[in-house]
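**Student:** Before I ask anything, here is the structure I am working with.
The values are calculated or read from the model by the stated rules, or taken from the named source; none is laboratory data. Note that the structure is a prediction, hence the values are computed from the model and not measured. Glycine also receives a Cβ, built like all others from the backbone with ideal geometry; neighbour counts cover every protein chain displayed.
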Amino acid sequence: MKNYMRSKKTGIRIIPFGGLGEIGKNMMAIEVDKEIFIIDCGVAFPGQLVTDVDFYIPDFSYVIENSERIKAILVTHGHEDHIGALPYLLKSISVPIYGSPLTNGLIRVKLKEHGLTAETELNDVEPSVPIKMGSVEIEFFRVCHSIPDAMGISIKTRLGKLIHTGDFKIDHTPVDGKATNFQAMSKLAGEGVLLLCSDSTYSENDGYTPSELIIEEAFGKVIGEAKGRVIVATFASLISRMQQVIDTAAKFERKVTIAGKSMVNNVKMARKMGYIKIPDDMLVPLDEAKKIKDNRIVILATGAQGEPSSALTRIANSNHKHLKIKSGDTIVVSASPIPGNEKAISKTIDNLFRQGADVFYSKNSQVHVHGHASREELKLMISLFKPKHFIPIHGEYRHLVAHARLARKTGVDKDKVFVIEDGDVLFLTEESAGVAGNIETDLVSVKGNKISSHQFDNNS
């Protein structure tokens with residue numbers, strides 16, 4: 001922390017510890033005078049050339065040193081890049097967590113794996129219901145993403161309102177039927193917005209992002225025409241996508257089984273909470289699936305990013321305990337590559353083709369749509385909130401720059417748009433706003449039970 005000395009001057013400090021200048025590892029600290037509120041705490045996955053790392057987590061040094069000032073962790077949604085690092089932080093500090101019911105359900109699954117369930121306080125929130133925390137008022141508002149129960153967050157302070165969009169897109173026909181709540185956002189905007197922090201992941205994409213609903217047609221065609229087994233690989237936390245696969249399987253009278261521990265645990269939780277609906281007699285254990293005719297089974301699997309230990313990668317490498325590829329199998333990879341994973345996914349797809357499978361993926365079929373807003377939706381969000389200040393978040397540096405330029409074109413004063421990266425400290429007062437320094441952070445990696453810190457290099 002050599003480059004930052006915290007002054008005693010009161011105001012608001014915005015400190016990202018992940019997700020700005022990179023994809024994943026999303027975490028931001030918001031200091032309002034002496035109180036700290038953390039938004040999200042996720043992981044980032046290594047590229048295919050890194051074999052000695054399972055994933056990366058934020059550097060928690062500053063947060064742990066100031067733990068007595070932390071009021072809460074506010075979580076936007078349940079994807080790994082937003083919740084995956086929580087168990088590692090909660091081993092060092094005790095702080096209440098606030099999130100939607102599904103988000104907290106996914107967090108509980110992770111906490112159980114780490115033996116942290118009993119000592120962690122999880123609070124379910126309802127959208128558009130204000131919560132008083134210390135000197136501020138917190139309000140979650142519903143947004144659409146590729147997972148149900150995704151939220152944006154409003155923090156009302158004495159200096160003005162801060163808006164954090166979380167990951168979002170504008171979807172008028174979401175799988176769960178809960179569309180973006182423009183009325184709630186308009187109400188928040190009507191009171192004036194001091195700062196907007198908005199998702200930049202697809203800020204280079206023109207137009208609008210397609211609805212999740214269009215995938216159902218592609219799934220129907222692929223599963224309906226398949227002569228043998230169908231294996232659908234996706235993220236273990238993509239609850240809506242899994243429901244779409246289940247619904248399509250039911251339409252063609254196929255049973256469903258699951259390959260991948262994390263997906264098994266998440267489906268069990270989501271069924272219990274009512275977010276996934278599947279009859280008991282339709283869901284079969286993996287070791288019993290081989291008794292079912294090939295044209296009567298759909299297999300949901302982890303491994304859409306080519307992760308070495310995932311179900312699909314082990315199937316592609318012919319070392320899965322229960323599943324071997326055979327002629328007539330159809331594979332669906334329902335995800336787009338995270339930057340750095342392209343070669344790993346390509347290798348997995350190549351191996352599946354070599355073994356005689358027919359593979360559908362984002363480049364040859366509409367089996368995936370991304371969950372992030374494109375440029376027209378980003379402009380709509382900026383126009384809706386009309387912020388005084390703007391920070392592009394969630395993206396590599398070029399994504400942040402593209403979004404910053406978009407904000408300026410959409411009416412935000414060019415001197416009040418700030419492109420900052422992990423560790424930078426943006427200081428807001430009644431009179432001014434600017435970068436006040438940088439908190440040096442290490443690159444922290446996890447491999448099994450081992451956590452290692454390395455000096456971070458932005459250019460590597």
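**Student:** Could you check how many residues of the stretch 147-170 are part of a loop (DSSP other than H, G, I, E, B) and either aliphatic (A, V, I, L, M) or crowded, with 22+ Cβ neighbours inside 10 Å (or both)?
**Tutor:** Counting residues in the stretch 147-170 that are part of a loop (DSSP other than H, G, I, E, B) and either aliphatic (A, V, I, L, M) or crowded, with 22+ Cβ neighbours inside 10 Å (or both) gives 10.
**Student:** Just for helices (runs of 4 or more DSSP H) wholly inside the stretch 174-278: which have at least 3 residues that are within 25 Å of L406 (Cβ to Cβ)?
**Tutor:** So the answer is 182-190.
Every residue, every condition in (1) farther than 27 Å from V63 by Cβ; (2) outside the structural domain of G152 (by TED's automatic domain parsing); (3) outside any helix (DSSP H, G or I), yes or no:
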{"residue": "D350", "(1), (2), (3)": "yes, yes, no"}
{"residue": "G356", "(1), (2), (3)": "yes, yes, yes"}
{"residue": "S365", "(1), (2), (3)": "yes, yes, yes"}
{"residue": "K379", "(1), (2), (3)": "yes, no, no"}
{"residue": "A407", "(1), (2), (3)": "yes, no, no"}
{"residue": "I420", "(1), (2), (3)": "no, no, yes"}
{"residue": "E431", "(1), (2), (3)": "yes, no, yes"}
{"residue": "A436", "(1), (2), (3)": "no, no, yes"}
{"residue": "E440", "(1), (2), (3)": "no, no, yes"}
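**Student:** Filter the stretch 5-42 for residues that are under 22 Å from K71 (Cα atoms), in contact with a helix residue (DSSP H, G or I) (Cβ under 9 Å, 6 or more places away or on another chain) and modelled with pLDDT under 95 and give the result.
**Tutor:** K34
**Student:** Further question on the same structure: Tally up the residues in the stretch 283-321 that are assigned to a loop (DSSP other than H, G, I, E, B) and crowded, with 16+ Cβ neighbours inside 10 Å, please.
**Tutor:** So the answer is 9.
**Student:** Please state which of the following conditions K268 fails to meet, knowing it meets all the rest: (1) in contact (Cβ under 8 Å) with a residue 24 or more places away in the chain; (2) closer than 24 Å to A335 by Cα; (3) within 27 Å of the chain's Cα centre (by Cα).
**Tutor:** (1)
**Student:** Applying the selection to the stretch 332-347, what residues are farther than 19 Å from I215 by Cα and within 23 Å of the chain's Cα centre (by Cα)?
**Tutor:** I338, P339, G340, N341, E342, K343, A344, I345, S346
**Student:** Might you let me know whether the stretch 303-311 holds any residue that is among the acidic types (D, E) and within 22 Å of the chain's Cα centre (by Cα)? Full working, then the answer.
**Tutor:** Filtering the stretch 303-311 down to residues among the acidic types (D, E) leaves 307.
Restricting the remaining residues to those that are within 22 Å of the chain's Cα centre (by Cα) gives 307.
Yes: one or more hits.
**Student:** Could you check the stretch 357-405 and list, in sequence order, the residues that are under 26 Å from G190 (Cβ atoms) and either free of Cβ contacts under 8 Å to residues at least 40 places away in the same chain or basic (K, R) (or both)?
**Tutor:** Hits for the stretch 357-405 are R375, K379, S383, K386, K388, A404.
**Student:** Please give the strands (runs of 3 or more DSSP E) falling wholly within the stretch 100-146 in which 2 or more residues are within 18 Å of the chain's Cα centre (by Cα) and assigned by TED's automatic domain parsing to the domain that holds E80.
**Tutor:** On the way: elements: 122-124, 131-133, 136-142.
Correct list: 136-142.
**Student:** Go through the stretch 93-107 and count every residue that is touching a strand residue (DSSP E or B) at 6+ places or on another chain (Cβ under 9 Å) and without any contact (Cβ under 8 Å) to a residue 60 or more places away in the chain.
**Tutor:** Total meeting the criteria: 10.
**Student:** Out of all the residues in the stretch 53-79, which are more than 23 Å from N438 (Cβ to Cβ) and in contact with a Ser or Thr (Cβ under 6 Å, 6 or more places away or on another chain)?
**Tutor:** Scanning the stretch 53-79 gives V53, V75, H77, G78, H79.
**Student:** Would you confirm, using the coordinates I've provided, whether I57 is in contact with a helix residue (DSSP H, G or I) (Cβ under 6 Å, 6 or more places away or on another chain), in contact (Cβ under 8 Å) with a residue 24 or more places away in the chain, crowded, with 17+ Cβ neighbours inside 10 Å and not assigned by TED's automatic domain parsing to the domain that holds N341?
**Tutor:** Here the answer is yes, as I57 does meet what is asked.
**Student:** Give the residues of the stretch 387-415 that are of a type in the set (D, E, K, R) and touching a helix residue (DSSP H, G or I) at 6+ places or on another chain (Cβ under 9 Å), sorted by residue number.
**Tutor:** Filtering the stretch 387-415 down to residues of a type in the set (D, E, K, R) leaves 388, 396, 398, 405, 408-409, 413-415.
Within the stretch 387-415, K388, R408, K409, K414 meet the criteria.
**Student:** Could you tell me whether L426 is touching a residue at least 40 places away in the same chain (Cβ under 8 Å) and over 23 Å from I64 (Cα atoms)?
**Tutor:** No, not satisfied.
Here is a yes/no grid of residues against (1) assigned by TED's automatic domain parsing to the domain that holds E307; (2) in contact with a helix residue (DSSP H, G or I) (Cβ under 8 Å, 6 or more places away or on another chain); (3) surrounded by 15 or more Cβ atoms within 10 Å (Cβ to Cβ):
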position: F235; (1), (2), (3): yes, yes, yes
position: L238; (1), (2), (3): yes, no, yes
position: T248; (1), (2), (3): yes, yes, yes
position: R254; (1), (2), (3): yes, yes, yes
position: A259; (1), (2), (3): yes, yes, yes
position: M263; (1), (2), (3): yes, yes, yes
position: N266; (1), (2), (3): yes, yes, yes
position: G274; (1), (2), (3): yes, no, no
position: D280; (1), (2), (3): yes, no, no
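**Student:** If I filter the stretch 322-345 for residues that are in a loop (DSSP other than H, G, I, E, B), of a type in the set (K, R) and not assigned by TED's automatic domain parsing to the domain that holds G395, do I get at least one hit?
**Tutor:** Yes - at least one qualifying residue is present in the stretch 322-345.
**Student:** Any chance you could count how many residues in the stretch 71-85 are of a type outside the set (V, I, T), buried (at least 23 other Cβ atoms within 10 Å of the Cβ) and either out of contact with any helix residue (DSSP H, G or I) (no Cβ under 6 Å at 6 or more places or on another chain) or in a strand (DSSP E or B) (or both)?
**Tutor:** 6
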